[in-house]
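K.L.:
A single structure is presented below for examination.
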Amino acid sequence: MAEPDELTLAIARQLEIDSQYVEHIEEWDTEHIAEVRSAGRKAGRLLGWKIRTIQTQPNDEGRLVVAVIVHEWPDEEMRGRLEERARLLMDRLFDEIKPPKHRPD
């Protein structure tokens, strides 16, 4: 099996964290749309998960959404571990972006 490209790895990492990868793409960029969908399928194979790729109709501004989503989890234990990991990552992120507590002078 060939080494996965950067987009495939990025999608796989995002699927592990959030069970979905979403990208807004210009309607005219059909090459990138196909690239994201293909990388999504490769990411699913890399992880051993059943995934689905979808795209919306373009909006009034000519942009559409391409999404790669986990369609079927390999097992409930894996799903639970990944959900817990996502919660921990989000907690860490919120801790990092919280403004410092105001101290009265």
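K.L.:
Could you calculate the contour length gain from ARG45 to ILE97, that is, 0.36 nm times the residue separation minus the distance between their Cα atoms, to one decimal place in nm?
P.N.:
Difference between extended and current length: 15.3 nm.
K.L.:
Using a Förster distance of 22 angstrom, determine the FRET efficiency expected from the C-beta separation of GLU76 and ARG52, and round it to 0.05.
P.N.:
0.70
K.L.:
Where in segment 56-84 does the label zone of TRP28 land, with the point 7 angstrom along Cα→C-beta and an amide N cut-off under 18 Å?
P.N.:
Only 58-65 fall inside the zone, counting backbone N under 18 Å.
Laboratory data are not the source of any read-out in this text; all were calculated from the coordinates shown. None of these values were measured; they are calculated from a predicted model. With ideal geometry, Cβ positions are generated from the backbone for all residues, glycine too; neighbour counts draw on all protein chains shown.
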